[in-house]
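The values are calculated or read from the model by the stated rules, or taken from the named source; none is laboratory data. These numbers were taken from a predicted model, which means no experiment stands behind them. Glycine also receives a Cβ, built like all others from the backbone with ideal geometry; neighbour counts cover every protein chain displayed. These area figures cover heavy atoms from the full protein model, side chains too; ligands, DNA and RNA do not enter into them. Shrake-Rupley method; radii C 1.70, N 1.55, O 1.52, S 1.80 Å.
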Amino acid sequence: MAFQTEITKWYLHNKRDLPWRKTTDPYVIWLSEIILQQTRVEQGLPYFNRFLEAYPTVSDFANATEEQVLKLWQGLGYYSRGRNMLFTARQIQEKYKGIFPVKYDELILLKGVGDYTAAAISSFAADEVKPVVDGNVFRVLSRYFGIDTPINSTEGKKKFLALANELIIGEVPSLYNQAIMEFGAMQCKPKSPLCSICPLQADCFARRNNLVNVLPVKEKKLKKRTRYFNYFVCTNSDQILVKRRTAGDIWQELYDFPLLETPDQYHNIQEEFLSQVKSSFGNDCTIAPLEQKKHLLTHQTIYVQFFALDNYIINFNQNAEIKWVTFDEFDELPQPKVITNFMSSYSVN
DNA sequence: AAACCGGGGCA
DNA sequence: TGCCCAGGTTT
């Protein structure tokens, strides 16, 4: 049996009873779709009911104030959705005479309505042949057809949309779109999907190839941390003060200098920064900025500022990892690259 | 292409 | 903790 037929059959037997499935009113469907963007059904449902009660028609919505809308929206997150809804409701009241559009090409122009939502409203309200491609659909198609193109890449979005466009041909758009999303939400779940009782398990690529926990693939958006390291360079004629880095951070067991990490960059030597330095190295200490470096790691961007430190007091008992070494000894110790680079330029001057 | 926008459920 | 949720807008 074809993929679409199985999905639809499964849906007719397993679908949840949800209020927005009982209407073809584009306003009501719009309300539900905006609320459900990046939001679980269980979380959005009470908001949907409250909004529909407060604003039974788009005209009622248009007459609301932003404060009223946001009060109703409170706790749901992504608050620009609420603001965009009011803007759109007023626009429809004024320019469309309160008649909510149902064509994809008109819906896509509305603020807060993207490709998914325009496809959803146009198919649910008027059976326009537009496939919904949401998180559920990405997952179902990726697993069943074995597509490993990252779903959050430009290429992936194009590929999945193209496939979805082929699959919806010959189907009843409203039924098929609801079905594939519900299937993804309840059966083909992100974690612990119900493969053993899945009607598609025999033909599912991921199931056959034991890739259910691999698909869909998502590109890692490595969130780079930005940090500000202030290093203090203490030297005498042939020695330098170094610090062994301990566990719990980058560069474990490598050697650098006494360090003050700050939440922001100190372009000049500010009072707050100076008082922190004095609390570590004594009230009489003086610092002079040396060079500044930007150090890039895979997961961190570190702005490194070196300072020359004088007239300092070091409590070696409290800082067992700090010690004096000769320059030659330091050369033999393992160092982060940013330190090695500094030393080579420092020794020239 | 990547950042940003949120609160909540779940392993 | 990290991932994901009926995504979309901005830079």
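Summary of computed values
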{"quantity": "Percent RCO, i.e. relative contact order, over chain A, from Cα pairs under 8 Å lying at least 6 residues apart", "calculated": "14 percent"}
{"quantity": "Rounded percent of accessible protein surface that carbon and sulfur make up, segment A:161-242, 1.4 Å probe", "calculated": "53 percent"}
{"quantity": "Antiparallel content of DSSP bridges confined to chain A, in %, to 5", "calculated": "70 percent"}
{"quantity": "Tensor-based shape of segment A:225-348 (alpha-carbon gyration tensor, a/c under 1.5 rounded, otherwise prolate or oblate)", "calculated": "rounded"}
{"quantity": "Surface accessible to a 1.4 Å probe, per residue, for the residues of segment A:225-348, Å²", "calculated": "56 Å²"}
{"quantity": "Cα-Cα over 29 Å, subset of A:Lys189/A:Lys221; A:Lys111/A:Lys294; A:Lys111/A:Lys159", "calculated": "A:Lys111/A:Lys294"}
{"quantity": "Among A:67-78, A:171-182, the order from most to least packed when residues are scored by Cβ within 10 Å on average", "calculated": "A:171-182, A:67-78"}
{"quantity": "GNM result for chain A, Cα springs below 10 Å: residue of A:Val338, A:Val212, A:Val132 fluctuating most strongly", "calculated": "A:Val338"}
{"quantity": "Residue-normalised accessible area of segment A:1-77, given per residue in Å² at a 1.4 Å probe", "calculated": "52 Å²"}
{"quantity": "Percent accessible area from carbon and sulfur atoms, segment A:1-160, protein chains only, probe 1.4 Å", "calculated": "50 percent"}
{"quantity": "Alpha carbon centroid spacing (whole Å) that separates segment A:275-309 from segment A:67-85", "calculated": "44 Å"}
{"quantity": "Highest to lowest packing among A:24-31, A:159-166, A:51-58, scored as the average C-beta count within 10 Å", "calculated": "A:24-31, A:51-58, A:159-166"}
{"quantity": "Counting DSSP beta bridges with both ends in segment A:225-348, the antiparallel % (nearest 5)", "calculated": "70 percent"}
{"quantity": "Segment A:107-198: relative contact order as a whole-number percent, Cα under 8 Å and 6+ apart", "calculated": "30 percent"}
{"quantity": "Kirkwood-type radius of chain A, with distances r between different C-alpha atoms, in Å", "calculated": "25.3 Å"}
{"quantity": "Cross-link partners of A:Lys191 among aspartates and glutamates (Cα-Cα below 16 Å; sequence separation of 8 or more within a chain)", "calculated": "A:Glu182"}
{"quantity": "Across A:Lys9/A:Lys103; A:Lys97/A:Lys130; A:Lys103/A:Lys158; A:Lys220/A:Lys323, pairs whose alpha-carbon gap is larger than 32 Å", "calculated": "A:Lys220/A:Lys323"}
{"quantity": "Equivalent ellipsoid, segment A:142-250 (semi-axes from 5 times Cα gyration tensor eigenvalues, Å)", "calculated": "52, 17, 12"}
